[in-house]
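Each remark here refers to the structure printed beneath this line.
The values are calculated or read from the model by the stated rules, or taken from the named source; none is laboratory data. Note that the structure is a prediction, hence the values are computed from the model and not measured. In this analysis, Cβ positions are derived from the backbone assuming ideal geometry, glycine residues included, and neighbour counts consider all displayed protein chains. Only protein heavy atoms, including side chains, enter the accessible area calculation; ligands, DNA and RNA are left aside. Shrake-Rupley method; radii C 1.70, N 1.55, O 1.52, S 1.80 Å.
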Amino acid sequence: MKFKPQIIAFLCNWCSYTGADLAGTARLKYKPNVRAIRVMCSGRIDPTFVLRAFRRGADGVLLCGCHPGDCHYQEGNYRCMRRYHLLQKYIQQMGIETERLKLEWISASEGKQYAELIDSFTETITELGPCKIKETMENLT
Amino acid sequence: MNEQKPKLKLAIYWAAACGGCCVSVLDVHEKLFDVVAAADLVFWPIALDFKYKDVEEMPDGHIDVTLFNGAIRNSENEYMAKLLRKKTKILVAYGSCSHLGGIPGLANFFTGEEIFKRVYEESESTINPEKIRPQHKYEVPEGTLEIPVFFNDVRPLNKVVDVDYYLPGCPPQTERLLEVFLAIVTGAELPPKGSVVGAGTKAQCDECTRKKTENKLIRKFYRPWEINDDGESCFMEQGVLCMGPATRSGCGYRCIKGNAPCRGCYGPTADVTDPGTKMMSAIASIIDTKEPDELEKIISDVVDPAGTFYRFSLPSAIIRRKLL
Ligand code: SF4
Ligand code: SF4
Ligand code: FES
């Protein structure tokens, strides 16, 4: 059976979610593997959310916020970026490929960029294959 | 003569542990006499010559309280956890290893095979050309010898049996143990099952007396030996990683008092799910840069995030082991 990756995307309400919405209203076609979770700001994405997503079987996790300088809460996206870099280092130590976690800035007008991002990220994850952390944790004794 | 209250039956057991927890019990010093006056020690391998057989022969629920220290890393640990659970009314996970996996839990960065290869073939002090490894079963003229099976995964006690209370610390502060013990002996009302006892509810930072500045930001992290600690200001504000923000109070911030940053042995506070994610957030909020390149450089000084954040708790973390 062909591998259908499961991807979780955390999108900030003000820019990225609106951008994703635009991709929808503009009827752009993009890969259906992403489950979007709306958060008020990318600064709300607790690293716990990301690790839980992997723990529960996500093959890839996408973090999206407003472009630098555009966060509606001033600093949220910078905070997100710093967490992202720490998370990258940490997941690598845990044997999870760093490509499985991605951070991108998507503005409210970037519907097209959003659609392209989803396609390219889905492709990356499809090439990597399933993330085995859930299976390992459940089956190893 | 006064009618004597029946004495409490107390057991102390070590699974995958260093022995420090048992020693922390001995650290009650002369108070040990009070303990012995109130309780009969019915099983305590480090100090008393009882055998597993003696425990097996006890009726179920015979022991009032067992302080179980050590993680579960082999079949013997697992067998004893299950046996003591059956024989004990109040089972206490005592110390970091039993509570969260502890230092032995760092083995979850490897597999059993990797550990055996290192220990029996590669370590600098090993000469073993025939690559002899311990066998689970071995035939000798007298019969079959058996040693425990070594697991790939280290687990805290609650992943193997039902646990009544957790007493954190590496090792727990002896004073805290005495308080808990006293509460049990005097029949004080016990907290709800599953509670962490002998510790606070807040974070180390809430008790720590080092000076904290509002919104202090930093541009470089140091290992503790790379700076001259001023002895007064918060470690994090000096750029030294301190697990204080993610760690439960109760030890009396004893490492910080000794001018060493907290390493997190009391485990996460009640409202923290995972010490590592809490630390990532705490660190992210004090770094002073918005430039990705500079950020990467600053974070490169956080040398071993997984080992630092989960030093005592890897087997209880959201991602509780390394992917093979
Ligand atoms: S981070 Fe460490 S030194 Fe700073 S306040 Fe918290 S416990 Fe104290
Ligand atoms: S300061 Fe931290 S590492 Fe030291 S005893 Fe207390 S909880 Fe443990
Ligand atoms: S509101 Fe979009 S990143 Fe903060």
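Assorted remarks:
- Mean residue ellipticity, 222 nm, helices only, chain A: the sum of -39500 (n - 2.57) across DSSP H runs of n ≥ 4, divided by residue count and rounded to 500, is -14000 deg cm²/dmol.
- Accessible area, probe 1.4 Å, largest first, for residues A:His67, B:His136: B:His136, A:His67
- Relative contact order %, segment B:175-324, counting alpha carbon pairs below 8 Å whose residues are six or more apart: 22 percent
- Pairwise label distance in nanometres, A:Asp119 with B:Ile46, each label 7 Å out on the Cα-Cβ vector: 6.4 nm
- FRET efficiency for A:Lys132 and A:Arg38, using Cβ-Cβ distance with R0 set to 22 Å, rounded to 0.05: 0.15
- Whole-Å distance, taken between Cα centres, linking segment B:89-105 and segment A:1-76: 38 Å
- Charging the Cβ of each Asp and Glu at -1 and of each Lys and Arg at +1, and nothing else, the dipole of segment B:204-316 about its Cα centre rounds to 380 debye.
- Cβ-Cβ FRET estimate between B:Arg133 and A:Lys112, R0 fixed at 60 Å, reported to 0.05: 0.50
- Amide H contacts under 5 Å for B:Gly169: B:Gly95, B:Ser96, restricted to partners 5 or more places along the chain or on a different chain, H placed in the peptide plane at 1.01 Å from N.
- Accessible area expressed per residue, segment A:62-141, with surrounding protein chains retained (probe 1.4 Å, Å²): 44 Å²
- Label point distance in nm, B:Leu26-B:Ala38, each placed 7 Å from Cα along Cα→Cβ: 2.2 nm
- Segment B:204-316, accessible surface, carbon-and-sulfur percent (1.4 angstrom probe): 46 percent
- Of the listed residues B:Leu167, A:Leu22, the order by accessible area with a 1.4 Å probe, largest first, is A:Leu22, B:Leu167.
- In the elastic network of chain B, a GNM with C-alpha springs shorter than 10 Å, the most mobile of B:Asp271, B:Asp27, B:Asp293 is B:Asp293.
- Evaluated over chain A, the Cα radius of gyration and Dmax, each in Å: 14.8, 50
- Inter-chain Cβ neighbour average for residues A:47-54, partner chain, 10 Å: 5
- Rounded to whole Hz, the Karplus (6.51, -1.76, 1.60) HN-Hα couplings of segment B:319-324, x for glycine and proline: 9, 8, 7, 6, 6, 7
- The distance from the alpha carbon centre of segment B:1-48 to that of segment B:131-160 is 29 Å, rounded to a whole number.
- Each Lys or Arg adds one and each Asp or Glu takes one away; over the other residues whose Cβ falls under 10 Å from the Cβ of B:Ala39, this sums to -1.
- Modelled label reach - B:Ser75, point 7 Å along Cα→Cβ, segment B:113-156 residues with backbone N closer than 18 Å: B:113, B:116, B:133-140, B:143-155
- Global form of chain B, assessed from the alpha-carbon gyration tensor, a/c cut-off 1.5: oblate
- Accessible-area rank, largest first, for A:Cys80, B:Cys18: B:Cys18, A:Cys80, with all protein chains present and a 1.4 angstrom probe.
- The overall shape of segment B:204-316 is oblate: from the C-alpha gyration tensor, with semi-axes ordered a ≥ b ≥ c, the ratio a/c is 1.5 or greater and a/b is no larger than b/c.
- A straight line joining the Cα centroids of segment A:89-141 and segment B:198-271 runs 33 Å.
- Shape category assigned to the protein assembly as shown from the gyration tensor of Cα positions, a/c cut at 1.5: prolate
- Counting Cβ atoms of other protein chains within 10 Å of each Cβ in A:71-81 and taking the mean gives 2.
- Mean Cα-pair separation over length for chain B, i.e. relative contact order, pairs under 8 Å, 6 or more apart, %: 18 percent
- Taking a sphere under 11 Å around the Cβ of B:Gly194 and counting the other residues whose Cβ falls inside, with K and R at +1 and D and E at -1, yields a net charge of -1.
- Average beta-carbon neighbours from other chains, 10 Å sphere, peptide A:86-99: 6
- Rounded FRET efficiency, nearest 0.05, which uses the C-beta distance separating B:Val119 from B:Asp162 and R0 of 41 Å: 0.80
- Interface residues in segment A:119-141 - accessible area drops by 10 Å² or more relative to the isolated chain, probe 1.4 Å: A:Lys132, A:Ile133, A:Thr136, A:Met137, A:Leu140, A:Thr141
- Cysteines in chain B lacking any other cysteine Cβ under 4.7 Å from their own Cβ: B:Cys18, B:Cys21, B:Cys22, B:Cys97, B:Cys205, B:Cys208, B:Cys234, B:Cys242, B:Cys251, B:Cys255, B:Cys262.
- Solvent exposure of B:Ile103, expressed as accessible area, is near 70 Å², computed with a probe of 1.4 Å over the protein chains only.
- Of A:Met94, A:Met81, A:Met40, the one that fluctuates the most in a GNM where chain A has Cα springs shorter than 10 Å: A:Met94
- The B and A chains share an interface that buries close to 3100 Å² of accessible area, total over both sides, probe 1.4 Å.
- Partners for B:Lys257 among lysines (Cα-Cα distance below 18 Å; same-chain residues under 8 apart left out): B:Lys202, B:Lys211, B:Lys212
- Long-range HN-HN contacts of B:Ile218 with modeled amide H, under 5 Å: B:Ile287, B:Asp288
- Once backbone amide H atoms are built at 1.01 Å from N, A:Leu101 has A:Val61 as its partners under 5 Å, excluding neighbours fewer than 5 places away on the same chain.
- Divided by 2.2 N^0.38 Å, where N counts the residues, the Cα radius of gyration of segment B:76-201 comes to 1.39.
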